[in-house]
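*Asks:* Right, I'll just put the structure down here and ask away after.
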Ligand code: GLU
């Protein structure tokens, strides 16, 4: 399978777990909105948390029992929505944090969903296709009771892809009848949407271009460094290059490469497709993650795991702009350092919302059984991303705050209103 899992740093000075970190950002926005305590409590608490054991027969003949999660954070604005992650570091706090980020992301980009996330603590890089299929079918069977096109709609995330979604759809449909709308990110041939594979990266580019346009600049000629060469990192590199920007450095879990004149991205793709890593690419010098963060580039793009911008390395960052293609790449303590240094951050719930936006288009195509061409998908995606950017950018200016706090304010207001209007 085409999984491209990427690596992370660890910090010694971690104050918050991932879920507390998201809630710290939540509180900053809730304070500005004067949100009442009862509403804060509802919006911070996950609606439902499912933990399942997932016994899988491995190729060796032995049974391995994995642990899987599906956490539905808030469903006031529509069915729960969010990816399924296969990664060794998946745990309940992380899934909770990612589920709540989905609530804010879907509200901010204004698609009619709530927020959820799922995951299985496993190492997909070291599993065979058959093992992954058996794992996916068993996990689906055990969480199927809380899924459904009108209830909860998973999607790909780190370590999962269209093939995993196809198995999930098949397993669910074999119980409930043909249900393409139970999951998004499927291959086009089995009900997926055109443009879904590239959607997150396209959204990253649209948000970045909107930022430059707001400053009478363009992306052409701008340099960037990208951490991660998974689905999001690899397509972000491709599009950045195609738009006339320079990708000067890329790292993945096995290493990285740097070329101050700009990497030959098409050649890097060819190399990656063969070697499954960017490490050792002959078109540049060796690069590691810590040095990548400290590069003197126009834009830094974390596109891998969470918590990679820490209080330890935030001070070394020279890029004036950070675009968070990954989910929660910046620890709250690091966020304060970046703010003091005047570094602008386009936050994750805006920057990487392109994926769930096209998931919405896919779900809507599945419900109507009327399929769009790629041009229409990309046009609507671009429109949604630019609208999301301007909602955040204008509010940040008005409130004299960061784009992160403004993004949370927009999202909290919308979910809070829905929660209040629906009543208790
Ligand atoms: N896993 C992606 C995210 O974190 C996409 C979620 C979706 O499409 O539902 O936004």
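What follows draws every value from the coordinates through simple rules; no lab data is involved. Everything numeric in this text was worked out from a predicted model, so none of it was measured. Reconstructed Cβ throughout: ideal geometry from the backbone, glycine too, with neighbour counts over all protein chains shown.
*Asks:* For a footprinting-style exposure proxy, rank 324, 333, 362 by other Cβ within 10 Å, fewest first.
*Replies:* On the way: 324 25, 333 19, 362 30.
With the fewest neighbours first, 324, 333, 362 line up as 333, 324, 362.
*Asks:* Here's a follow-up. Run the paramagnetic zone check for residue 57: 7 angstrom along Cα to Cβ, then residues of segment 127-156 with backbone nitrogen under 15 Å.
*Replies:* 130-138
*Asks:* I want to verify a result. In a Gaussian network model of the chain, Cα cutoff 10 Å, which of these has the top mean-square fluctuation: 195, 255, 159?
*Replies:* 255
*Asks:* Rounded, prolate or oblate: which fits the chain when a ≥ b ≥ c are the square roots of the eigenvalues of the alpha-carbon gyration tensor, with rounded for a/c under 1.5 and prolate only if a/b beats b/c?
*Replies:* Values: a/c = 1.42, a/b = 1.11, b/c = 1.28.
Taking the square roots of the gyration eigenvalues as a ≥ b ≥ c, the chain is rounded.
*Asks:* Give me log10 I(q)/I(0) at q = 0.18, 0.28, 0.32 Å⁻¹ for segment 193-237, Debye formula, one equal scatterer per alpha-carbon, no solvent.
*Replies:* Log-scaled intensity ratios, in q order: -0.58, -1.03, -1.13.
*Asks:* Cut-off is 10 Å between beta-carbons; in what order do 322, 84, 337 appear when sorted fewest neighbours first?
*Replies:* Numbers: 322 24, 84 30, 337 19.
Neighbour counts put them in this order, fewest first: 337, 322, 84.
*Asks:* Then there's this: Radius of gyration and Dmax for segment 109-182's Cα atoms, expressed in Å?
*Replies:* That works out to 12.5, 38 Å for Rg and Dmax.
*Asks:* Taking 7 Å along the Cα-to-C-beta vector as the label spot, tell me the residue 270-residue 243 distance in nanometres, rounded to one decimal.
*Replies:* The answer from the label model is 2.6 nm.
*Asks:* Same structure, new question: Out of all DSSP beta bridges with both ends in the chain, state the antiparallel percent to the nearest 5. Can you show the working numbers first?
*Replies:* Numbers: 23 of 46 bridges.
Of the beta bridges lying entirely in the chain, close to 50 percent run antiparallel.
*Asks:* Next up: Per residue and in Å³, how big is the convex hull formed by the alpha-carbon atoms of segment 372-424? Write out the running numbers ahead of the final one.
*Replies:* Working: hull volume 5.2 nm³, N = 53.
So the per-residue Cα hull volume is 97 Å³.
*Asks:* Further, regarding this structure: Along each of the three principal axes of the Cα atoms of segment 257-312, give the extent in whole Å, ordering the values from largest to smallest.
*Replies:* Projected onto the principal axes, the Cα atoms of segment 257-312 cover 35, 24, 17 Å.
*Asks:* Separate question: Among 253, 190, rank each residue by its count of other Cβ atoms within 10 Å, from fewest to most, as a rough exposure measure.
*Replies:* Values: 253 20, 190 13.
Exposure proxy ranking, most exposed first: 190, 253.
*Asks:* Okay, moving on. For the chain, what does -39500 (n - 2.57) per DSSP helix run (n ≥ 4), summed and divided by total residues, give at 222 nm, in deg cm²/dmol to the nearest 500?
*Replies:* Numbers: 14 runs with 191 residues, N = 424.
When only DSSP H runs of four or more count, the value is -14500 deg cm²/dmol.
*Asks:* For segment 172-325, just run the numbers: alpha carbon Rg, then divide by 2.2 N^0.38 Å, N being how many residues it has. The partial results should precede the final answer.
*Replies:* Working: Rg = 17.2 Å, N = 154, 2.2 N^0.38 = 14.9 Å.
Against the empirical 2.2 N^0.38 Å value, I get 1.15 for segment 172-325.
*Asks:* For segment 308-424, state the semi-axes of the equivalent ellipsoid (square roots of 5 times the eigenvalues of the alpha-carbon gyration tensor), sorted largest first and rounded to whole angstrom. If you can, show how the numbers build up before the last one.
*Replies:* Working: eigenvalues 183, 72, 35 Å².
They are 30, 19, 13 Å, listed from largest to smallest.
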